[in-house]
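A.B. asks: I'd like to ask some things about the structure below.
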Amino acid sequence: MNVRLESIGLTTVVIPQGRLDFGSAAGFQSQLEQVLAGAGSKPAGVIIDCAGLDYVSSAGLRVFLLAARASQRADLAFAICGLKPAVREVFDVSGFSRVIAVFVDRANALAQTGPTA
Amino acid sequence: MKRHTAVPSDAAQLPILTQFLQEFWSAADLPPAETVTFELALEEIFMNVVMHGSPAGRVPRVDVSLALCDGCLTLMIEDDGPSFDPLLLAAPDVTASLEERRVGGLGVYLVRQMMDAVSYRRLGGHNQFSMTKRVREPTP
């Protein structure tokens with residue numbers, strides 16, 4: 001799995017591509033931890049744009065859960081967007097889409113996660 | 001159509017099993033939309049064996065088979081490790097808040113929800129976990 005980062009105003013967009021399974025979960029988790037730590041105390045948000053994510057298992061869901069919790073504690077806006085149907089199904093069945101803000105695409109997520117500049 | 005493979009109970013084998021499943025999918029010309037259920041089931045149940053069903057000092061053997069019959073696909077995962085019934089794991093509370101959410105048991109829960117039928121039995125010193133789902137309409 002590849003992960004790219006983009007900055008839009010004060011929001012960091014994390015873009016994972018490929019498969020988030022048991023094998024890639026630990027690496028993705030440490031990348032997200034670095035992003036969240038770097039956000040510091042500034043008014044900022046984190047969006048995970050999953051448009052390139054093909055697959056997620058419970059090992060991957062755990063990483064999203066930990067990141068959402070860490071963001072909440074740090075008072076950062078946190079959102080996920082662009083879920084493909086296969087990933088969306090796993091989010092829905094697990095009930096994660098009820099506790100993590102999930103948006104159709106990045107534009108919608110950015111509009112909801114506060115000022116971008 | 002049937003296929004079978006066997007691997008040691010080792011996390012490094014997961015990509016090999018996923019490839020086994022994907023090759024079956026192509027060979028049987030199954031609809032791509034249904035593949036996620038089986039890829040997920042394969043990972044969750046296999047990793048359960050690796051993490052919880054492998055005693056120190058011995059690596060169990062895991063047999064994986066796929067059988068397609070009348071549009072229903074059955075995935076069977078069998079291992080010779082200690083007796084372990086994943087269906088006895090407590091279901092996670094999928095309505096819990098963000099802070100209270102637990103991931104333990106979530107994998108098996110997803111498999112139970114997404115498959116049409118799942119069953120476990122202990123037979124001849126082996127754990128047999130079987131999962132079935134209709135993946136296409138039966139041929140008339």
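The values are calculated or read from the model by the stated rules, or taken from the named source; none is laboratory data. Because the structure is predicted, anything quoted here is derived from the model rather than measured. So basically every Cβ, Gly included, is an ideal-geometry build from the backbone, and we count neighbours across all protein chains shown.
A.B. asks: Across segment B:68-95, what is the total count of residues that are within 14 Å of another protein chain (Cβ to nearest Cβ) and under 24 Å from B:Lys133 (Cα atoms)?
C.D. replies: Qualifying residue count for the region: 5.
A.B. asks: May I ask you to list the residues in segment B:84-121 that are within 14 Å of A:Ser57 (Cα to Cα) and part of a loop (DSSP other than H, G, I, E, B)?
C.D. replies: B:Val103, B:Gly104, B:Gly105
A.B. asks: Looking only at segment B:29-46, count every residue that is assigned to a helix (DSSP H, G or I), out of contact with any Pro (no Cβ under 9 Å at 6 or more places or on another chain) and at pLDDT 95 or above and tell me the total.
C.D. replies: 8
A.B. asks: To continue, here is another question. Within segment A:12-30, is even one residue assigned to a helix (DSSP H, G or I), touching a strand residue (DSSP E or B) at 6+ places or on another chain (Cβ under 8 Å) and within 10 Å of chain B (Cβ to nearest Cβ)?
C.D. replies: no
A.B. asks: When the residues of segment A:95-117 are narrowed to those that are touching a Lys or Arg at 6+ places or on another chain (Cβ under 9 Å) and either at pLDDT below 95 or facing chain B (nearest Cβ under 10 Å) (or both), which ends up nearest to B:Asp93 (Cα to Cα)?
C.D. replies: If we take residues in segment A:95-117 being touching a Lys or Arg at 6+ places or on another chain (Cβ under 9 Å) and either at pLDDT below 95 or facing chain B (nearest Cβ under 10 Å) (or both), then A:Gly95 is nearest to B:Asp93 (Cα to Cα).
A.B. asks: Same structure, new question: Is there any pair with a first residue in segment B:65-90 that is touching a residue at least 24 places away in the same chain (Cβ under 8 Å) and a second that is among the acidic types (Asp, Glu) whose Cβ atoms are under 8 Å apart and which are 6 or more apart or on different chains, and what are they?
C.D. replies: Short answer, once both residue conditions are applied: B:Ser65/B:Glu78; B:Gly71/B:Glu137; B:Cys72/B:Asp116; B:Leu73/B:Glu34; B:Met76/B:Asp63; B:Ile77/B:Asp63; B:Glu78/B:Asp63; B:Asp79/B:Asp63.
A.B. asks: Working carefully through the options A:Gly52, A:Gly38, find the one that is modelled with pLDDT of 95 or more, more than 14 Å from chain B (Cβ to nearest Cβ) and more than 11 Å from the chain's Cα centre (by Cα).
C.D. replies: A:Gly52
A.B. asks: State the number of residues belonging to segment B:94-113 that are in contact (Cβ under 8 Å) with a residue 60 or more places away in the chain and closer than 14 Å to A:Phe96 by Cβ.
C.D. replies: Final tally of qualifying residues: 2.
A.B. asks: Taking segment B:96-117 on its own, how many of its residues are under 21 Å from B:Leu68 (Cβ atoms), crowded, with 19+ Cβ neighbours inside 10 Å and either more than 14 Å from every other protein chain (Cβ to nearest Cβ) or of a type in the set (Phe, Trp, Tyr) (or both)?
C.D. replies: 0
A.B. asks: Which residue is nearest to the other protein chains (Cβ to nearest Cβ), if the candidates are limited to segment B:3-28 and must be of a type in the set (Gly, Ala, Ser), closer than 20 Å to B:Gly53 by Cβ and in a helix (DSSP H, G or I)?
C.D. replies: Ranking the candidates gives B:Ala11 first.
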